[in-house]
1. Determine if region 33-45 includes at least one residue that is of a type in the set (A, V, I, L, M, F, W, C), open to solvent by less than 10 Å² (accessible area, probe 1.4 Å) and within 27 Å of LEU191 (Cα to Cα).
2. Can you tell which of ALA295, ALA326, ALA342, ALA317 is surrounded by fewer than 18 Cβ atoms within 10 Å (Cβ to Cβ), part of a helix (DSSP H, G or I), small (Gly, Ala, Ser) and out of contact with any strand residue (DSSP E or B) (no Cβ under 7 Å at 6 or more places or on another chain)?
3. Is it fair to say THR290 is outside any loop (DSSP other than H, G, I, E, B) and touching a Pro at 6+ places or on another chain (Cβ under 6 Å)?
4. Can you find even one residue in region 381-397 that is under 26 Å from GLN175 (Cα atoms) and surrounded by 15 or more Cβ atoms within 10 Å (Cβ to Cβ)?
5. Would you mind telling me which numbered condition in (1) within 24 Å of GLU177 (Cα to Cα); (2) surrounded by fewer than 20 Cβ atoms within 10 Å (Cβ to Cβ); (3) free of Cβ contacts under 8 Å to residues at least 60 places away in the same chain; (4) of a type outside the set (Val, Ile, Thr) GLY114 fails?
6. I need a count of the residues in region 260-275 that are under 10 Å from ARG296 (Cα atoms) and open to solvent by less than 50 Å² (accessible area, probe 1.4 Å).
7. Given the options PHE179, PHE219, name the one that is aromatic (Phe, Trp, Tyr), open to solvent by less than 10 Å² (accessible area, probe 1.4 Å) and modelled with pLDDT under 95.
8. What tally of residues in region 346-403 results from selecting those that are part of a loop (DSSP other than H, G, I, E, B), at pLDDT 90 or above and more than 23 Å from ALA293 (Cα to Cα)?
Amino acid sequence: MPAEPLLRALTRMRGLVLDDQVLLRAVASGRQKGQTPRWRRVELRYVDLKGGRHLQMTAYDDTQAHISNHAGAAAREAVDALLDEPFGNWHVETVTETHQVRVTKKLEAMVHTGDRDTGSSAESPPDEGSGSQQDRGHDRKKPRLLPEDDPVLVAVGISDEQGRIKPSRQAKYRQVEEFLRCLGPAVDDALSSGRLRTPTDQDPLRVVDLGCGNAYLTFAAWAYLSRVRGLPVHVTGVDVKAQSREHNSGLAARLGIGEQMEFVQGDISSASLATAPDVVLALHACDTATDDALARAVGWDASLVLAAPCCHHDVAAQLRRAPTPAPYSLLTRHGILRERFADTLTDAMRASVLRLAGYRVEVIEFVESQHTPRNTMLRAVRTSGTPQASVRQELDDLVRTWNVHPALADLLADRIGAGQN
């Protein structure tokens, strides 16, 4: 996949975006080296309104979405303004193809184009003679990042043999989709900022899922990054159970992707990998197993870490044993509030420790809270900067005030230095 002049690639994408008979969806995200676009992410698609067909633009900043509709010359001006923004990635889906444009450090374009019928689409193509209100409706459902009939979803039991989501697995499919919505932008941003190296066929992006279990998210990550995004990728799943390794390895072999996915039996804290990973996933590892996973990621100097913690028993137990500092007794008097506070306190301390270890950290919503109470995700990107002294002071003050100690700080003591209890 040789690089080409950026202007030429963007001009080609402009033609596709402005063709209302061809475009299904376009997404601009990430940033070019040393520059930051006005918007964090912008999505474009055509909608049929009372005044005719319009190009709908949904622009996301850090807090909300801004929706605008454009027709005719206004649409061309809006697209040209977007193309002038220093976005690091463009993802353009047409009725027949998917185009992925990634801007390199040298401000050249790496373009990958694939057929939509290979599973590289986030949504189904319009029916013949498209343009109906059903296809271009203003209130259309959120597009899918991994089609329901993807072979991976069928293999892991989320979809049936006809490619339909099983009624009993709707929640799992929703979780897959929301996970991919976290993973995609995180990878885009890390690639465009240079924090994550550009993968090649000879040296693919290496992803490890620690505590993968039945691996439905592990397989989904491979399918999305490899087939939808067109990235060379190798995924490894780690789980303590031999049964998981055998089962998941068998699925990968039956899917014909055994060379691109492997499964290893072992503890999170000690599992051996031949090559250190670029991206580390730890999804719903129980209690301090999440801390073990985060410590392994830091030890590997992983460029990107996505961790969705499960239970937080360790800090909850510490809160039960320690006297509650004034004037916060109401926070721990009732068991359910104490457990919820322990969740928040644990992840706040984890984020602080990761910052001390040289990572930029965001705490985001994984799955909407009405679907699961365990809906927090830590998203961490390794940086080359030195953490400010205030980061250490904030953590020390929090630990001292509540008389608790984060397990992750012990695991990374050599990396972050000694603090105060």
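1. Yes: region 33-45 contains one or more residues that are of a type in the set (A, V, I, L, M, F, W, C), open to solvent by less than 10 Å² (accessible area, probe 1.4 Å) and within 27 Å of LEU191 (Cα to Cα).
2. Answer to the selection: ALA317.
3. yes
4. For region 381-397, residues under 26 Å from GLN175 (Cα atoms) and surrounded by 15 or more Cβ atoms within 10 Å (Cβ to Cβ): present.
5. (3)
6. Counting residues in region 260-275 that are under 10 Å from ARG296 (Cα atoms) and open to solvent by less than 50 Å² (accessible area, probe 1.4 Å) gives 2.
7. PHE179
8. 1
The values are calculated or read from the model by the stated rules, or taken from the named source; none is laboratory data. Being a predicted model, the structure only gives us computed values, none of them experimental. All Cβ positions, even for glycine, are placed from backbone atoms using ideal geometry, and neighbour counts span all protein chains on display. Quick note on the areas: whole protein, heavy atoms, side chains included, nothing else; ligands and nucleic acids left out. Shrake-Rupley method; radii C 1.70, N 1.55, O 1.52, S 1.80 Å.
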